[in-house]
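The values are calculated or read from the model by the stated rules, or taken from the named source; none is laboratory data. Computed from a predicted structure; not experimentally measured. Don't worry about glycine lacking a Cβ; one is built from the backbone with ideal geometry, like all the others, and counts go over all protein chains shown.
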Amino acid sequence: MTRYFTEDHEWIEVDGDSATVGITDYAQSQLGDIVFAEVPATGATLKKGGDAAVVESVKAASDVYAPVSGTVIEGNDALEGDPALVNSDPEGEGWFFKITLSDTSELDSLMDAAAYKAFVDGL
Amino acid sequence: MRQPASVAATLERTDMSEEDEFELEPIEILELPLDAWHRDKGARMVEFAGYHMPIQYEGIMAEHIWTRENAGLFDVSHMGQLMLTGEGAAEALEAMVPGDISALKEGKMRYSLLLGEDGGILDDMMITAVPMGLYVVVNGAVKWDDMGYLREHLPDEITINHMDDRALLALQGPKAVDALVRVVPGVDALYFMEAGSFFWGPKTDPEPLWISRSGYTGEDGFEISVPAAHAKALADQICAQPEVKPIGLGARDSLRLEAGLPLYGHDMNPDIDPVEASAAFAVSKRRRAEGGFFGSDRILNGLANGPARKLVGLSVEGKMPVREGAPVFAGDTQVGVITSGGFGPSVGAPIAMGYIDAGHNATGSMLEAEVRGKRVSVTVSSLPFIPHHYHRKGAQT
């Protein structure tokens, strides 16, 4: 399994042609207390860079974009009852959705962990 | 309305005031006297009203709850502190505000509204009668406009002094009095909406502070005007009290929303009059009888016949916040708009305020707000969402 990152602070963990997507620890720490998350419906078709989910802190609503194109296998229903999972375990239990990739070559444009760390350090 | 931005865009956004059309574009972002103090305390700074200001320290939720249970220190030095002096200042100001200012006794303060010539609200403000004249605190985002407007409409013999050499701190919460009385003896004698001068510091060289028992969180508390040169020492002393933590603008916004207190530029603007803003209490009895202030025909007509739209509280079903700009519907008909909305940490649910048309704004009215193309049920509810805990004279404590 390989984990990639976007400049919009999403992470995607790829396992074969399916993947899990969430927002990074850096993103949650900067957004602050998460009070609401809206995940995509199973079967929804997502386009790389398109709106996929919404995350809301006390102060603001933010879009979560699809890091790659594909079809949603599952949204994380646990976030509905406990959106603070995004704060407590952003890169684990606080995942947003799982997706079947339609084009694995789209992963080539994403960052690996080291590149994302360098990106965040430069912000 | 503001659509959600990407996470990255949200993180990059440093202008908390968003699309505030009432705010002049500042040429440069200014620093307040406690700028370095906030950064030392770990604050995340944002641009607000033309200044760098702390939006949060440890987190909005924790800071909000701390203030409701203990005491929070807010830096509100961006607000304009004005002193109006000269014979007849109160009577002259009454042309532009609907309160009974000339009846205000020394050391008493009143919430009031600065009215445009058509009765629209140019700002909300606190007016205190002081030995010199009137001490007026106005919103930071419109203070320059306010000063120009006051200068235009007040007679030449009334002097407006902008006390920009002073910082303004607010200590808010049920334990504010316990903490502040240790730093500034005697402040516990004040009741809600009273103010006075108090000495602080060494007996040999005490510094006079202007302190009022007031604030904008719905809790008991104080607002302290201090010379900028002494602001850091005072903030350090207050924060050294075990009840006190520094609190940012983020929690200030959620606290005032729960308290049902309007935020100028959002819940009030120049198109809206005091009756529409559910601020008819600010139109004093004598002024209703006499009229003669800007927009008094419009305002008195609104009082007599009811406003066409009114600012109300809205409780929100479910967990999805309904934010500023969201349209509100009764069936297919739009009947209003949200002007403030978010999550209420003490309420434990989303809450909002907005303008709803007559016929749909009675408490208990069931409506729908639209968020990202989806309808969410909202119910008109009485304000405040969290009861006020002011230290009122004559009240049982």
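Side notes on the structure shown:
- Pairs where the first residue, in segment A:63-85, is away from every other protein chain (no Cβ under 14 Å) and at positive phi and the second is surrounded by fewer than 21 Cβ atoms within 10 Å (Cβ to Cβ) and among the polar types (S, T, N, Q), C-beta under 7 Å, 6+ apart: A:Gly70/A:Thr100; A:Gly70/A:Ser102
- Check on B:Ile356, over 24 Å from A:Pro40 (Cα atoms), away from every other protein chain (no Cβ under 14 Å) and crowded, with 17+ Cβ neighbours inside 10 Å: yes
- Which numbered condition A:Gly49 misses (of (1) in contact with a strand residue (DSSP E or B) (Cβ under 8 Å, 6 or more places away or on another chain); (2) farther than 19 Å from B:Ala8 by Cα): (2)
- Members of segment B:58-95 that are within 14 Å of another protein chain (Cβ to nearest Cβ) and in a loop (DSSP other than H, G, I, E, B): B:Glu58, B:Gly59
- Single residue of segment B:359-397 satisfying the filter (among the basic types (Lys, Arg) and surrounded by 14 or more Cβ atoms within 10 Å (Cβ to Cβ)) that is nearest to A:Lys59 (Cα to Cα): B:Arg372
- Criterion violated by A:Pro67 - all others in (1) in a strand (DSSP E or B); (2) more than 16 Å from A:Ile34 (Cβ to Cβ); (3) touching a helix residue (DSSP H, G or I) at 6+ places or on another chain (Cβ under 9 Å) satisfied: (1)
- Segment A:9-24, subset more than 11 Å from chain B (Cβ to nearest Cβ) and charged (D, E, K, R), residue nearest to B:Glu63 (Cα to Cα): A:Glu13
- Residue under evaluation B:Met366, criteria (1) closer than 20 Å to B:Tyr264 by Cβ; (2) in contact with a Ser or Thr (Cβ under 8 Å, 6 or more places away or on another chain); (3) free of Cβ contacts under 8 Å to residues at least 24 places away in the same chain; (4) of a type in the set (A, V, I, L, M, F, W, C), criterion not met: (1)
Residue-wise test of (1) hydrophobic (A, V, I, L, M, F, W, C); (2) more than 30 Å from B:Gly348 (Cα to Cα); (3) within 10 Å of the chain's Cα centre (by Cα).
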site	(1), (2), (3)
A:Met1	yes, yes, no
A:Glu56	no, no, no
A:Tyr65	no, no, yes
A:Asp77	no, no, no
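- Within segment A:25-42, the set of residues being surrounded by fewer than 22 Cβ atoms within 10 Å (Cβ to Cβ), more than 7 Å from chain B (Cβ to nearest Cβ) and within 14 Å of A:Pro90 (Cα to Cα) comprises A:Asp25, A:Tyr26, A:Ser29.
- Residue match in segment B:310-320 (condition: away from chain A (no Cβ under 14 Å), of a type in the set (A, V, I, L, M, F, W, C), more than 25 Å from the chain's Cα centre (by Cα) and assigned to a strand (DSSP E or B)): no
- Residues satisfying the criterion are present in segment A:50-68 (criterion: surrounded by fewer than 16 Cβ atoms within 10 Å (Cβ to Cβ) and at pLDDT 95 or above).
- Within segment B:298-309, tally of residues that are in contact (Cβ under 8 Å) with a residue 12 or more places away in the chain and surrounded by fewer than 23 Cβ atoms within 10 Å (Cβ to Cβ): 7
- Among the residues listed as B:Pro274, B:Pro270, the single one being surrounded by 20 or more Cβ atoms within 10 Å (Cβ to Cβ) and either assigned to a loop (DSSP other than H, G, I, E, B) or within 14 Å of chain A (Cβ to nearest Cβ) (or both): B:Pro274
- Just one of (1) more than 30 Å from A:Asp82 (Cβ to Cβ); (2) within 14 Å of chain A (Cβ to nearest Cβ) fails for B:Gly331. It is (2).
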